[in-house]
Structure formats: structure tokens, C-alpha cells
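The values are calculated or read from the model by the stated rules, or taken from the named source; none is laboratory data. Source: prediction; values computed, not measured. Note: ideal-geometry Cβ built from the backbone for every residue, glycine included; neighbour counts use all protein chains shown. Accessible surface areas use protein heavy atoms only, side chains included; no ligands, DNA or RNA. Shrake-Rupley method; radii C 1.70, N 1.55, O 1.52, S 1.80 Å.
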Amino acid sequence: MQGLLAQGISVRYGARSVLAGLDLPLLRPGEVTVLAGPNAAGKSTLLRAIAQLQPHGGKVLLDGRDLAHVPMRDRARLVGFMPQSLPAGSSLVALESVIAALRAGETLGARQADAAAMAVLDKLGIGSLALEPLSALSGGQRQMVSLAQAIVRDPRLLLLDEPTSALDLARQVRLLSELRRLAGEGRIVVAVLHDLALAAQWADRIVLIHSGHTHAEGAPEQVLTPRLLAEVYGVEARVERCSRGRIMVLIDGEHAPA
Amino acid sequence: MSDATLQLYHRQGRRNALLVGVLGLAALAALLLDLVTGPAGLPLADTLRALAGGEVGRGTQVIVWEVRLPVACMALLVGAALALAGAEMQTVLENPLAEPFTLGVSSSAALGAAVAIVLGLTLPGLPAVWSVSGNAFLFALGALGLLQILGRIRGGGPEVLILFGVALNFTAAALLSLLQFVASADALQQLVFWTMGSLASAQWPGVMLIGVVLAVSVPFSFRAAWKLTALRLGEDQAKSFGVDVAGLRRWTLLRVSLLAASAVSMVGVIGFVGLAGPHIARMLVGENHRVFLPASILTGALVMSLASTLSKTLVPGVLLPVGLVTSLIGLPIFFALILRGRRR
Ligand SMILES: Nc1ncnc2c1ncn2[C@@H]1O[C@H](COP(=O)(O)OP(=O)(O)OP(=O)(O)O)[C@@H](O)[C@H]1O
Ligand SMILES: [Mg+2]
């Protein structure tokens, strides 16, 4: 069975249950899936559980293999993970950090690793940042470098936690079209996004997570409905269909001009 | 464009390797300087001839080979061990203030020494000259064992380990004060000297021991260099790169605690080197552990060797405790480096 299957995922922090048996539909290679939902719904927790960074109950199967039982090194080759927040302190230069992403887990020649890391930075359009210390980068630049760290091992499954949160308009498009391209080559891409307009434009499938459960899932036009948005976010939203089938989510706030 | 960047990156790599080489040469020069200074006032030529194995008087022979050389080598090795321990601790505990003191290793060793000096309690069968060091080593290992057990119970995260270490530190310090309180004037004198760190009693077997511990642990440190580098990007990142972070942390702490325990048990409590050695190295070559670890080792060795020379020459005719010298001389240099780094 090809794809990612996460079933019955449960995570507790102490006595508090954050995810209680969450199921995701089968996510197929070639698809970009967006996880959306309110703050503290459990999206990051779910992503970390799938990446095996977090003790959890339930099963995560990638192409039929239970990820929990895949040795760490092999898992690093299969799964790329981009965290929601990045430590700011390191004086490593961007290129070194991407080389570390390659060489920490396996024995790879220096020449090969250096060239591969540089190629990824170039592909993401941040080659000029290669020799900048991470601590001297802007938030968005650091986010792009973090993406480079996640994709440099050429993983089958990509898990990205709010990858566009610090990016400007052009870089959002750059990152998302890169994700589309990576999915097009047969990878499974899962990204947490808060921006529903971006999600509607770029996702094949949206999964709405609400207080630790999968509240709804499906194609963007099935999920982004006033009823579901009201249930999950507790807001009255209008959903407009624009040209070329695009979807806009609008909220008429109290202070919005009439 | 990307080729040019890579070339620049490799050039920086070569520059860092060169810096490490320079540090090595400087450490060697400091060793030589340490060897040719001393209260005996030997002529330089005689000292050098004795070192080269040439014909010299019996007295000169003994002073150079049995007094100065073991002391100078001890200084070099202790500095290297403490700085390596500090560098790795700072990384795996994700805390720039971590050093052998942080985990209570040093103060436990001091407590062990005090038990031997004040109470005369020691391991049966250990020769008397080794009783102090032996006890210190034992206590340091005990502290380390306790820490590993406690850490395992609570999952071994860095905060938990540091808190346990601090608690251990205070406990050992309190017990040490208690022993000082009941100690005779003679024992107290000896104890104070020991807690200030002293190279005076360095002998070949001790030098050999710490040399062996270093030789065994350094290859493991270097092999873990990329894993340690990855840990600088955060625990989740390192894990997702395929690093077994919990295992790396446990194994590294075991290694560096051994290093610290053997260093402290030989020469007493020596501050500053374990903290500042890595910081100076980081300012020089950055955080890629492939160069950062060797640079830390050599910086520690250099600083300690210079301190050893200064402890003999600072006050003519008086041999100062070397731990005092590292703190008094090292700190202003360290401050200057920090301030300079800020402005840059
Ligand atoms: N380390 C932790 N210890 C205790 N509780 C935690 C921890 N991490 C997360 N939580 C709790 O788990 C719940 C889910 O958090 P999570 O980070 O998964 O939310 P999220 O959906 O990613 O939110 P956001 O959109 O704000 O990023 C929250 O209530 C949070 O308080
Ligand atoms: Mg989150």
C-alpha cells in the first residue's frame, strides 16, 4: 500500500490528552495535504508524532512499513521534518547546517555532501546566503534554510510545520510551488498552514484538525465551507469563488467597513 | 556562482584548519616555555640539553625529567581534557555555561579528596601517595553514576540534568565545608591547596593516566562531531537527521565526566579552562564540531600551559596554585575577547 497512513494517533502531555485516537485518511504520493485548524488544536503534535519525534500511541505506516520500527538512520532518509520554530542562536553558517542534515545520520563523503547541500540552497534561491551564520539571518531566510535542511536528504515523506509563516508573498509562492514539484515527483507532502487562501490554492486535500480530532477532510472546496469553518473556528466566514476556481475565505468583522 | 561559493566555503575550512594548527604550535611553544622556567634557575642551555637527552649533571637531569616535564605535560593534558569536556557539555546540555563544575563532578572530586585528607579514609590497597587522587576519582565517578541514574529516571533532558548537577554541587560543597570545619589546621592547609588546584604533585603515572583517558575518548568525540553539530540546530532537527539524541547525550556525558574526573582528581579544582576554552575556540573557528572540538582541546592546553608558567613566575620565589592563576589571569583576557566580539 503506497502512501502515509496514520491511524489512532494519541498523545498525552502528563495527564492531559492532546490527541485521542486521531485518524488521517490515506495520503498518497503525489499529493499535497494541508493540515489546518485553530491554535492548540494539535497540528504540531500530530506532525511530530508522525515524524516519531514524540512518544505516541497508534500506528504510522509509510508505504506499509511501521515508521516506529524503522531504524533511525533509515527513517531520516525517508522522512524530512521542518519544525514550527527554529533555534536562533547558532553561529553555524547556512551551508554547514544543511551539510549537517546530510552527514549527522550517515557517513557521506565531504565533497558529495557539500555539493548536494549547495545545490539545494541554489534550488531554493538562497545560494547567496550559504556562508551567512544562521544567527545573522532574518526570520524568513532562516525558514528557507530550514526547508533546505528538511529536503536535502530527498525524503519520501515531507512534514512541514507552518513553512510559510515568516515568508513574504514571493517566497510563499516559491516554497509552495517547490512543494508541488516535490509531490509531483512522487513524494508525500504534508504541511500545516493557517492561511486558508494559500491552502485552497495549493492543496489537493485539506484536513481540518479540531481539538485533537480530524473534523473534516477532502478537496478544498469540500472543506472550506461556512458551516465547517463556523464549527471549527467559531467565526462567521464567507467563502467566495473567484476566477479560475480559486476560493477566498472572508470574514466580515465588526469593524470592517460596510 | 555556486561553485564560487563552495570554493569560498572550502577556503574558510582550510583557514580554520590552519588556525587549529597554529593553536597546536602555540601549545607546544607554551609547553617549552613552561619547561625552561622554574625556581631552580637552571641555565636554558642545560635544560634544553637535558631534554634532548644530552650529558648534564644528575641534579639537572632529575629536575627536568622528574619535576618539570611531568608538571608541564600534566598542565597541557589537564587543560585539554577540561576544555574538551566543557565543549561537549555545552553542546549536549544546550547550555553555554555548562562545564565540568556544572554537573557536580568537580566538587564531588574535591569532597573525595577531603575525605582522604581530613578523615584519612581511603581505598584499601591504594598506595598512600595515590589516596587523595584515588578518592577524588572515586567520588567523581560516584557523582556521575548518580547523575546517570537520576537522569534516566526523569528522561535525561538537559534541564533535568543541569538541575541535578547543581543540587549535587551544593550537596558536595556543604559536605566539604563540614569537613573543613572539623579538619585540623594541617589538613585544612593541604585541603585549601588542593581545592585551589595545584600541579606541584604531578608525577608520571598520573600524566600517563590522563593521557590514556584522553587518547581513548578523543576519537569518539571526533567521530560524533557531525552529530554534535546537528544538535546545535535543535533536538528535533538532530533527531530528524537520524541522530539518537538521548543516546548521544548519555554517551557523551559519560565520556566527558571521565575526562573531568581524571583531570580534577590529579590536580584539584581548576576553574575557567573548561568554560572559557570552548568559548575562545568558538570565537576563533565557529561551531562546526569538526574544528571546534580540536580547537577547544588545543586552546585549553595552551591556556593551562601558560597558567603553569605564570604560576611559577608571577610572584618570584612563590609557586601559586595554578587554579588561582587561570581564574585571575584568564578572566580579564576572556572579558576582553567577549567585548571585542561584541563590537565586531
Ligand atoms: N511540550 C508540551 N507540554 C505540554 N503541553 C503541550 C506541549 N506541547 C504542546 N502542548 C499542548 O498541546 C496542545 C496542542 O499543541 P500543538 O502545538 O500541537 O498545537 P497546534 O495545533 O500546532 O497550534 P498552533 O497553531 O498554535 O501551532 C496545546 O494545548 C498545547 O498547550
Ligand atoms: Mg503548531
*asked:* Condition (residue is farther than 18 Å from B:ALA81 by Cα and touching a strand residue (DSSP E or B) at 6+ places or on another chain (Cβ under 8 Å)) applied to region B:199-214: is it met by at least one residue?
replied: no
*Does any residue of region B:9-19 turn out to be within 11 Å of chain A (Cβ to nearest Cβ) and open to solvent by 60 Å² or more (accessible area, probe 1.4 Å)?*
yes
*Just for region A:51-74: of the residues that are open to solvent by less than 20 Å² (accessible area, probe 1.4 Å) and more than 13 Å from every other protein chain (Cβ to nearest Cβ), which one is farthest from ligand 2 (Cβ to nearest atom)?*
A:LEU62
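In region B:208-243, how many are of a type outside the set (S, T, N, Q), at the interface with chain A (Cβ under 7 Å from one of its Cβ atoms) and at negative phi? Write out each step before concluding.
In the first step, residues of region B:208-243 are kept if they are of a type outside the set (S, T, N, Q); the result is B:208-216, B:218-220, B:222-228, B:230-236, B:238-239, B:241-243.
Still in the list and also at the interface with chain A (Cβ under 7 Å from one of its Cβ atoms): B:226-227, B:230, B:232-234, B:236, B:238-239, B:241-243.
This time we only want the ones that are at negative phi, so: B:226-227, B:230, B:232-233, B:236, B:238-239, B:241, B:243.
The total comes to 10.
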*Is one or more of the residues making up region A:89-110 under 18 Å from B:GLU235 (Cα atoms) and within 16 Å of ligand 1 (Cβ to nearest atom)?*
no
*What tally of residues in region A:81-102 results from selecting those that are at pLDDT 90 or above, touching a Lys or Arg at 6+ places or on another chain (Cβ under 9 Å) and within 7 Å of chain B (Cβ to nearest Cβ)?*
6
*Is there any pair linking a residue in region B:55-79 that is free of Cβ contacts under 8 Å to residues at least 12 places away in the same chain to one that is of a type outside the set (Lys, Arg) and open to solvent by less than 40 Å² (accessible area, probe 1.4 Å), with Cβ under 8 Å and at least six apart or on different chains, and which?*
B:VAL56/B:ALA50; B:VAL56/B:VAL64; B:GLN61/B:ALA50
*asked:* Please go through region A:156-184 and give me each residue that is within 14 Å of another protein chain (Cβ to nearest Cβ), open to solvent by less than 30 Å² (accessible area, probe 1.4 Å) and more than 16 Å from ligand 1 (Cβ to nearest atom), ordered by number.
replied: A:LEU157, A:LEU158
*Using beta carbons and a limit of 6 Å, which pairs, at least six apart or on different chains, have the first residue in region A:103-127 and within 7 Å of chain B (Cβ to nearest Cβ) and the second one surrounded by 15 or more Cβ atoms within 10 Å (Cβ to Cβ) and in a loop (DSSP other than H, G, I, E, B)?*
A:ALA104/B:PHE241; A:ALA104/B:VAL243; A:GLY105/B:PHE241; A:GLY105/B:GLY242
_region A:1-50 - residue that is within 14 Å of chain B (Cβ to nearest Cβ) and open to solvent by 10 Å² or more (accessible area, probe 1.4 Å) and, of those, nearest to ligand 2 (Cβ to nearest atom)_ = A:SER44
_Residue that is nearest to the other protein chains (Cβ to nearest Cβ), among those in region B:20-44 that are in contact with a helix residue (DSSP H, G or I) (Cβ under 6 Å, 6 or more places away or on another chain) and open to solvent by 60 Å² or more (accessible area, probe 1.4 Å)_ = B:LEU33
*Considering A:GLY30, A:GLY42, which residue is under 25 Å from A:ASP195 (Cβ atoms) and within 9 Å of ligand 1 (Cβ to nearest atom)?*
A:GLY42
